[in-house]
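Note sheet for the following structure.
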Amino acid sequence: MTPHVTVCEASVTQLSLDQCETLLCPSRLDALSRITHPQAQAASLTGDLLLCAAVRHVRPDTAFPLVRAARPSGQPYLPDLPNLHLSISHSGDRVVCAVADAPVGIDLELPRPVRPGLAARWFDAAEQALIARDLSTFFDLWMVKEAVLKETGCGLAHGLREVSVALDPVPHLTRPVFGQLHAIARVRLSCGHHAMLSVPGTVSPAVTVLSPHITNFL
């Protein structure tokens, strides 16, 4: 059976928390208010608003404000929609949110300088050789790794080396992760960049990408 994933994307919003009171529950608004860095708060808020847009698309009868919580692993979830899985990522001025009826992980990494030694610390020999030939592959590899770990709920520090990635002919895992298989999809965004998506199993997901105007549903 083919997993279906809806991905919403947008630039970081400049809306205030007060403008979003009808969409987000008080506990989530309080959590956002405690993020002191303005850009980080704006990116997190944008992720929540994209989640609202995605939920409205796949579950149009859902009541708002949307209640969001976090599992002990840190994975976000919706207590009122326990069968709907979600994942959010942001990089620079872009934010993406994925929702699906199966576990899902998404990661976005816009190009930027790579710290020396990072690949040697977290990537295996084959991945390091690929990066040595083409430095731009670093973030493709990283996005696949992080998407898989978001899907499974594993922390980055304990899991990056467990995820072994190849990019030819398409991004895929070269071995199971903690005994499980995962299918990878490259998601093309309207800004010209792409994100990486992970779902359980071996069947590539069918992905719908939406670019909602956030202010339209306030």
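Taking all protein chains together and rolling a 1.4 Å probe, LEU118 ends up with roughly 30 Å² accessible. Mean separation of Cα pairs under 8 Å and 6 or more residues apart, divided by the residue count, gives the chain a relative contact order of 25 percent.
For the stretch 36-113 and the stretch 11-32, write down the distance between their C-alpha centroids in whole Å. Answer, in whole Å: 13.
Phi angles of the stretch 29-46 translate, via the Karplus equation with coefficients 6.51, -1.76, 1.60 and θ = phi - 60°, into HN-Hα couplings of 4, 5, 4, 5, 5, 8, 7, 7, 7, x, 5, 5, 5, 5, 5, 5, 4, 4 Hz per residue; Gly and Pro are given as x.
For the stretch 72-88, the Karplus equation 6.51 cos²θ - 1.76 cosθ + 1.60, evaluated at θ = phi - 60°, returns couplings of x, 6, x, 5, x, 8, 10, x, 7, 10, x, 8, 9, 9, 9, 7, 10 Hz by residue, with Gly and Pro reported as x. Ranked by the mean number of other Cβ atoms within 10 Å per residue, highest first, peptides 86-94, 29-37, 182-190 order as 86-94, 182-190, 29-37.
The C-alpha atoms of the chain define a longest principal axis, and helix 137-152 lies at about 60 degrees to it. Over the stretch 1-57, accessible surface divided per residue gives 47 Å², non-protein components excluded, 1.4 Å probe. The calculated FRET efficiency for SER27 paired with ARG133, based on their beta-carbon distance and R0 = 45 Å, is about 0.40.
Just checking the listed ones, ALA102, ALA166, ALA206: in the Gaussian network model of the chain with Cα springs under 10 Å, the one fluctuating most is ALA206.
Computed over protein heavy atoms with a 1.4 Å probe, the carbon and sulfur contribution to the accessible area of the chain reaches 54%.
Shape annotation for the chain: C-alpha extents along the principal axes are 50, 39, 33 Å, from largest to smallest. The relative contact order of the stretch 63-180 comes to 19 percent, based on Cα pairs under 8 Å that sit 6 or more residues apart. Averaging the sequence gap over all C-alpha pairs within less than 8 Å and six or more residues apart, then dividing by the number of residues, gives the stretch 1-121 a relative contact order of 29 percent. Between ASN83 and ALA125, the modelled label-to-label distance comes to 4.8 nm, taking each label 7 Å out from Cα in the direction of the beta carbon. When peptides 141-152, 66-77 are sorted by average Cβ neighbour count within 10 Å, with the highest value leading, the order is 141-152, 66-77.
Rounded to whole Å, the principal axis extents of the Cα atoms in the stretch 7-117 read 47, 32, 27, largest first. Entry note, the chain: the mean residue ellipticity at 222 nm calculated from DSSP H runs of n ≥ 4, each adding -39500 (n - 2.57), is -8500 deg cm²/dmol after division by the residues and rounding to the nearest 500.
The values are calculated or read from the model by the stated rules, or taken from the named source; none is laboratory data. From a predicted model like this one, the values you see are computed outputs, not experimental measurements. No Cβ is skipped: glycine too gets one built from the backbone with ideal geometry, and neighbour counts run over all protein chains shown. Accessible surface is based on the protein model in full, side chains and every heavy atom, while ligands, DNA and RNA are left aside. Shrake-Rupley method; radii C 1.70, N 1.55, O 1.52, S 1.80 Å.
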